[in-house]
Amino acid sequence: MTKKVKTAVSKQYKLRRDVAPLCFMLNSNHNKRSSLLYFDEEKGVNRPLRYARNQKSPFEDEQDGNAILEPVVFEDGFLMVDRSNQVLQEFLSYHPGNGMIFEEIDNKKDAAEELEVEELILDAQLLARDLDIQMLETVSRVLIGSHADKLSTAELKRDILVYSRNYPEEFINMLSDPALKMYDDVVQIFSTNLLSLRNKNRDVYFNLPKNKTKMLTVPYGEDPKDIVSSYFQTDEGVETYKLLISAMKK
């Protein structure tokens, strides 16, 4: 059987930075000031890397004494490596900065990832478009708060569509969260002033005609509505939840 020979191809790399410098020099030589090691799983040792174009290996222990070192420079955030320079491609594949400082540009992979994102956005947009008015109001109160009750249906639909486009995964997860209805009820309970916050939003108090006592204390840094929602789902809090829902409907 004829062994299939891997075809050498030119490769392009890019820095993993939002704003790339005009010129960036990658560490290309292991030394005391700048460690550049690759852990060899087969040999169980760290092997020093060194890029020298006149060598056949990127590993220093496989190079001869005539290594001519060359800088590895990204210009405007990019580096093109010709198919004829296989030692540099191999060096970059072993470099500890691969995947953190820089990455190889893979157009097929990038296209697949972009397609996945676009399909996720589309799914979220379709879900947002098909929400009935009750769920639309529920989601809006969770995202916007009591201010949502002052918006028209068209304004709510617009805001939800915009949100689903900008945060598709979060939006889809929200719709599938069984605690969504509970959180919406909590938002309405607060908006109807059946519960109130005191002491710099640290304490939640009942605000019923015959009950003005403290219900619970909110842990530092937590959202009061999240804490109340969690409390209502406990054995102790479920009866309080039923009582407040009944009072809200009167």
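Throughout, read-outs are computed from the coordinates displayed, never taken from laboratory work. Not measured: the values here are computed from a predicted model. So basically every Cβ, Gly included, is an ideal-geometry build from the backbone, and we count neighbours across all protein chains shown.
Observations on the model:
- When peptides 98-104, 210-216, 228-234 are ranked by their average number of other Cβ atoms within 10 Å per residue, the highest-first order is 228-234, 98-104, 210-216.
- Volume per residue for the range 27-78 equals 110 cubic angstrom (convex hull of Cα atoms).
- In this Cβ point-charge picture (+1 for Lys and Arg, -1 for Asp and Glu), the range 107-177 has a dipole of about 280 debye about its Cα centre.
- Percentage of interatomic Cα-Cα distances in the range 102-233 larger than 22 Å: 50 percent
- Alpha-carbon gyration tensor eigenvalues x 5, square-rooted, for the range 107-177, Å: 27, 10, 10
- Once the Cα atoms are used to define both axes, helix 238-249 deviates from the longest principal axis of the chain by about 60 degrees.
- Cβ-placed point charges (K, R +1; D, E -1), dipole of the range 1-131 about Cα centre in debye, nearest 20: 660 debye
- Normalised radius of gyration (Cα atoms, divided by 2.2 N^0.38 Å) for the chain: 1.66.
- Largest first and in whole Å, the equivalent-ellipsoid semi-axes of the range 1-115 read 24, 20, 15, each the square root of five times a Cα gyration tensor eigenvalue.
- Over all other residues within a Cβ to Cβ distance under 11 Å of residue 144, the charged ones net out to -2, with Lys and Arg as +1 and Asp and Glu as -1.
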